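The values are calculated or read from the model by the stated rules, or taken from the named source; none is laboratory data. As the structure is a prediction and not an experimental result, all values here were calculated from the model. Note: ideal-geometry Cβ built from the backbone for every residue, glycine included; neighbour counts use all protein chains shown. SASA here: full protein model, heavy atoms, side chains in, ligands and nucleic acids out. Shrake-Rupley method; radii C 1.70, N 1.55, O 1.52, S 1.80 Å.
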Amino acid sequence: MRRLWLLPVWVVFGAAVSVLFGDEPLLNRLSDEEARKGFTLLFDGESLQGWDGAPGFWRVENGAMVGSTDGRAIEHNTFLILDRPYSDFILRFQILLRNGNTGVQFRSRRLSDWVVKGYQADASDMGERSAWGNFYEEKGRGRNVMARPTEGWDRAKEVVRKGQWNDYEIHAQGDHIRLTLNGKVTIDTHDGESSEGVIAVQLHRGEGMEVRLRNLRIRELR
């Protein structure tokens, strides 16, 4: 007589969920591998401690930092700014853009009134003018879009998950800049304009927009 092995209900249910929806990433926690490699969290999932932005535009909701200009016209782009600079690093995060134009600044310089200038990993849902995966310079004295995806304008549009969470990585070491979107390298270039600066998240002026970020973790490269 064959023996039947009965698994606990929670095991069966968990396996079914994993098959149907895939494994969810750790929410605002480091994996064991990331901890071993020296990554640290830049956002605790509960507060904006360590970040500074204009009042009324930023909040924490469901483990994500949320920036929104809904119902509030702004005269210029405004930013949520981390309180310390970084030089060489690997920065990983997840980003969900409801609509509009945003990006994550790095090696940037803080100006007054929650404004920054400098490098940006671009993310934009502006119809056919999507700028996901671009390397941009905010207030860059005419440089602006400094590099588009290395295999053509459409490459990033093909890998972006519109209306869903996207995995983004910024690798900055010396003058080498590499941007990776959902596992695909979109930019691999060199630029020596800036070697250190702040990290910040952009809200773009114009129509009401919303962006969410979570799982922000960084590893400094020595």
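For the reader, a short list of remarks on this structure follows.
- Residue match in segment 190-198 (condition: hydroxyl-bearing (Ser, Thr, Tyr) and open to solvent by less than 10 Å² (accessible area, probe 1.4 Å)): no
- Count of residues meeting criterion [part of a loop (DSSP other than H, G, I, E, B) and under 21 Å from SER124 (Cα atoms)] in segment 184-211: 6
- In segment 127-146, the residues that are more than 20 Å from HIS171 (Cβ to Cβ) form Cβ pairs under 6 Å with partners that are surrounded by 13 or more Cβ atoms within 10 Å (Cβ to Cβ) and modelled with pLDDT under 75, at six or more places apart or across chains, as follows: SER130/LYS157.
- Residues in segment 39-62 that are in contact (Cβ under 8 Å) with a residue 60 or more places away in the chain and closer than 22 Å to ILE90 by Cβ: 6 in all.
- For ARG98, the requirement of being closer than 22 Å to TRP165 by Cβ and either at pLDDT below 95 or within 15 Å of the chain's Cα centre (by Cα) (or both) is met.
- Remark: MET65 falls outside the filter, which requires a residue to be over 26 Å from GLY197 (Cβ atoms) and either in a loop (DSSP other than H, G, I, E, B) or modelled with pLDDT of 95 or more (or both).
- Residue match in segment 125-136 (condition: touching a strand residue (DSSP E or B) at 6+ places or on another chain (Cβ under 7 Å) and at pLDDT 95 or above): no
- Residue within segment 171-182 that is surrounded by fewer than 20 Cβ atoms within 10 Å (Cβ to Cβ) and either closer than 23 Å to PHE57 by Cα or in contact with a Lys or Arg (Cβ under 6 Å, 6 or more places away or on another chain) (or both) present: yes
- Flag if SER87 is open to solvent by less than 60 Å² (accessible area, probe 1.4 Å) and either touching a Leu at 6+ places or on another chain (Cβ under 8 Å) or more than 20 Å from ILE199 (Cβ to Cβ) (or both): no
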